Structure formats: C-alpha cells, structure tokens
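Nothing in this text is a laboratory measurement; each read-out follows from the coordinates by a stated rule. All values reported here derive from a predicted model rather than from experimental measurement. Cβ atoms come from the backbone with ideal geometry, glycine included; neighbour counts cover every protein chain shown.
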Amino acid sequence: MTHMSIALTLFLALAAASQQKTPEPVVKQGVEAWERGEFKAATDMWRSPAIAGDADAQFNLGQAYKLGRGVPADLRQAEDWYRRAALQGHTKAQDNYGLLLYQNGRRKEAMPVLETSANRGEPRAQYVYGTELFNGELVAKDWVRAYAMMTRASTAGIPRASENLAQMDRFIPAPERQKGIELARTMERTPSRAQIAAVAPEEAAIPAPKPAAPVATKPKPAPRPPVAGGPWRVQLGAFSETGRARSAWSDLSGKVAALDGLEPDYVKAGPITRLQARGLSSSAAASAVCAKVKASGGQCLVVKP
C-alpha cells in the first residue's frame, strides 16, 4: 500500500485552554525534553500522568509509540493511548486514532471516528472519508459530499486529494460537482473545527492512509451532461499549487454566472497549474465570459484552440 506522508505534531494544551485543562507541569517538562531530543526522558515524564488520566500525556505517548522515539515503535500501544485520550474528547487523539485504525485494516471501525474528524475539518480525515463516500464500500455512496470533502482536503494541500479530485471529475456529473463545490464553500465558512495549538513540533512525518482501491475504480462512469460546445477556453489564473487552483474555481464559479456549464481544467506547466475553463464555441463567446469574470474582480485571458 502506498502511503502519503503528512507532518503531525505533539500536542500540548498550554495555549488551548478551551479544549483541555492547564497541563501538568511534568507534561510541559516532557515536551521541553522532547524538543531537546531527549525522547526517553520525555516519555518517562509523560507515563505517570498518562496512567493517571492526563489526556495530553496520553496523546504524546501515542505519538512516541507511533514514531518509535523514546520507546520501541508499537502501533498497538499507540492506538491504545490515542483511544484513551480520544475518549476524553482530545480532538487530535481522535483524529490520529481514526487514521491508525484505518491504516491497521480496521476500516469499518474507523469510519465513525473519521467521519467526526472530517466534519470537524481535519484534512487527512476528509481525504480518507471523501474517498469512501465516493466508492460507497464502507459508507453509503454520496458523490456530492465526497466531492466537497475531497475539495477541502485538496485546498488544505494534500497531494493525493488533488489527484483523486482529478479522477472524480471524470465520473461525477457536473451538477453534482457544483453542489459539492457549494457544500465545500459552506464547510469552509462554518467554524466547526477547534483551534488547537501545537507547542512541540514533531518534524517526522506520520503516514496517512491511501484507500485500498484507486478512487475511480469502483463506480461505473455516470452519464454526463454535454459541455457547452466548442474548443475555445478562458484562463482564470496560474497557481503554484493545484489545490489553490481548485479553490479559485470554487470561488469564481459561485459568483460568475457566465461560467455555468463550463468545465474546469487544471493544466500543469512545470511547477505551475493553470486554471482554465473549456467548452466555448467562439472567440466572441470566450471574450464575453472574460468580460464577466473581470467585472467581478477576477483575471481572465482568452485561450485559442
């Protein structure tokens, strides 16, 4: 199984009093030891408060066992400590617990945990849960919600999410994709995710799971409405990341009616992604669309066939 690596952090609630109580001094001392590279000393400091029920210490021990720093790498121990902290409402522990269950093959068990994390706005959970919503194997198929989840994960900078969106574009009809974009925009505006402070950064990456099947292998292609005919295009910007291009399309397509019925294309040119809309019948039609985009404050260039 191919994995994607996303950097995680050790969590200390020192600057997040809204989520956890003030941390035990020894927990803070353990984080400081970890930052100095004294991993064994850090885990020794965390063990007693973790056993006593401190959620931050439990989460940090889960990280240590996951990474194999200060203690032998042990995914079962990591899972157990994440679970203990998660049961106390520690959101980072909940996120990692669901992802670890999924990676360890307990995918059905992981789904309710990942759904909670995805709804809260955790990008890795949105990527995994969005894929499952698309495939419809472990949860009921919902292409609109799947597209919304994957759009949010892509905008957050997860490369595999951008790749999966490109595959989804070939299968999900345009009206459903538009509903997904609108739902993603609503999710972005909703302040549902707790703001969590990461005090002790962990530079090592913890792999997030890749769904067992490529996102576009299970469903059969659905019929798609015809694109407004024509080979002409308009270019709406150039971006350093595909996720930014998708976010720009989400914004523009929601406020410029002239883009309705057009299909977005994300054209790679070295490190740059060009956002283009295709399906225009003539130079005049493309120029008219550009005029509407510019009137809304956007950038636009006519692209010849």
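Rounded to the nearest 0.05, what FRET efficiency is calculated for residue 52 and residue 167 with R0 set to 41 Å and r the Cβ-Cβ distance?
Efficiency, rounded to the nearest 0.05: 0.30.
Would the stretch 78-193 count as rounded, prolate or oblate if I go by the C-alpha gyration tensor, calling it rounded below 1.5 in a/c and otherwise prolate when a/b exceeds b/c, oblate otherwise?
Judged from the Cα gyration tensor, the stretch 78-193 comes out prolate (a/c at least 1.5, a/b above b/c).
Going by the alpha-carbon gyration tensor, a ≥ b ≥ c the square roots of its eigenvalues, is the stretch 108-153 rounded (a/c under 1.5) or, if a/c is not under 1.5, prolate (a/b greater than b/c) versus oblate?
Oblate, because a/c is 1.5 or more while a/b does not exceed b/c.
Sorted by average packing, counted as other Cβ atoms within 10 angstrom per residue and highest first, what order do 264-276, 84-96 take?
Ranking the peptides 264-276, 84-96 by packing returns 84-96, 264-276.
Which net charge results for the neighbourhood of residue 255, defined as the other residues with beta-carbon distances under 15 angstrom from its beta-carbon, given Lys and Arg at +1 and Asp and Glu at -1?
0
Quick one: grab the alpha carbon gyration tensor of the stretch 232-303, order the square roots of its eigenvalues as a ≥ b ≥ c, and give me rounded if a/c is under 1.5, else prolate or oblate depending on whether a/b is larger than b/c.
prolate
If I stretch the segment between residue 268 and residue 119 completely, what's the gain in nm (0.36 nm per residue apart, minus their alpha carbon distance), one decimal?
Extending this stretch completely gives an extra 50.6 nm.
Give me the number: length gained by fully extending residue 106 to residue 283, i.e. 0.36 nm times residue separation minus the C-alpha to C-alpha distance, one decimal in nm.
Roughly 58.3 nm would be gained on extension.
Quick one: which residues, 5+ away or cross-chain, put their amide H under 5 Å from the amide H of residue 233? H built at 1.01 Å from N.
303
Taking 30 Å as the cut-off for C-alpha to C-alpha distance, list the pairs among 92/255; 66/268; 92/268; 28/66; 268/292; 40/92 that go past it.
92/255; 66/268; 92/268
Please give me the summed charge of the neighbours of residue 124: other residues whose Cβ is under 10 Å from its Cβ, Lys and Arg +1, Asp and Glu -1.
Combined, the nearby Lys, Arg, Asp and Glu give -1.
So for each of 33-41, 142-150 I average, over its residues, the number of other beta carbons within 10 Å; can you give me the resulting order with the highest mean first?
Details: 33-41: 15.4, 142-150: 24.2.
The packing order, highest mean first, is 142-150, 33-41.
5 Å is the cut-off here: which amide hydrogens, built 1.01 Å from N in the peptide plane, fall below it relative to residue 158, excluding neighbours closer than 5 in sequence?
Correct list: empty.
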